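Reading through the C-alpha cells given below for one structure.
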C-alpha cells in the first residue's frame, strides 16, 4: 500500500454566510488547514492512522472556534461536559468517554481507554478517575470559558431551548478519518455536545457505530449532526454495512445514509468517510460543513459551504 489520506470536519449545519465575517472565515480555514496538515505530516512519515486522527482532533480540541475541548458549549448547569471516541479499523479496537469534565483532550483519553483498559466506553466520574491513572492533561474551568459560548447558554436558557452550538444551527463536533501507508483505517470524533443540555445528555459522538466507526474491510467514518438521529440510524456503521453487505461504493453508501435515510427521519448533519483505497467523501444534507482533506496525490481541500 503506497497511499495515505486524511479528512477532518469541524461541524455541520446551517452555517450562514450572512453571519460570517471575512476574518472569522479566514480563521476557520486556517484552523482546518493546520489540523489536516498536522495529521497528513504523520501519515507522510509512515505514522499510523490512529496517530494522525488523534493529532488532527487534538488540534481542533485546542481551538476555541470548535465545539470540542477548549471551545465546548455549556450545559444547563454552566459546566462543559465532553465526549469523544476513537476506533482502529485494523482490529476493531475502540475507546470512548462521555460526560467528562476538565479534560484538555478527550480524544487522547478515549485512546487511552482503548489501549490501556479492557473497556470501550467510560463515563463521568469513573472516566475522570481513569484519566488520573493515565496522566491525562487537566485544565481548570477558566480554560474552557469562551464568552460567545456562555452567551449562547444565556440565550438558550432565556428561550427555554436545548440548542446546537450557536444560534445559526451549527452542529459543533470535530472528527477525523485516515488511511495510513500500512493500509490501516482509523476514525475519531470529539464534541462538547449541545448548549443547555440537561440530565447528562450524551449524543452520537462517543457511541461506536453511531458517531464513529472504522473497519479495514470497508471504511472509516466520523459523523456530525443532531446526534439523536445518528444514533437512531446507527449512521457510521450503516455506511460500512452498505459497503460490506450490499457492495455499494463509499460514495453510494454515504449518499444513501446522509441524503436519504437521515433526511427521511428529520436528521440534519453530515459525515466524513474514507475507504481502504483512499477515496474520501465529505457529505452533508445541511447548508454547510467545516471540512478539509489531504493525502498523497491529492490537492489540499478546505471548505465550509456547499
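The values are calculated or read from the model by the stated rules, or taken from the named source; none is laboratory data. Here the structure is a predicted model, which is why all the values come from computation and not from measurement. Every residue, glycine as well, gets a Cβ built from its backbone with ideal geometry; the counts of neighbours run over all protein chains shown.
Things to note:
- Where helices (runs of 4 or more DSSP H) sit wholly within the stretch 137-254, those with at least 3 residues that are touching a residue at least 40 places away in the same chain (Cβ under 8 Å) and either out of contact with any helix residue (DSSP H, G or I) (no Cβ under 7 Å at 6 or more places or on another chain) or surrounded by fewer than 18 Cβ atoms within 10 Å (Cβ to Cβ) (or both) occupy 147-159.
- Between 212, 191, the distinction of being modelled with pLDDT of 95 or more and under 15 Å from residue 67 (Cβ atoms) belongs to 191 only.
- Against the list (1) free of Cβ contacts under 8 Å to residues at least 40 places away in the same chain; (2) surrounded by 19 or more Cβ atoms within 10 Å (Cβ to Cβ), the condition residue 10 fails is (1).
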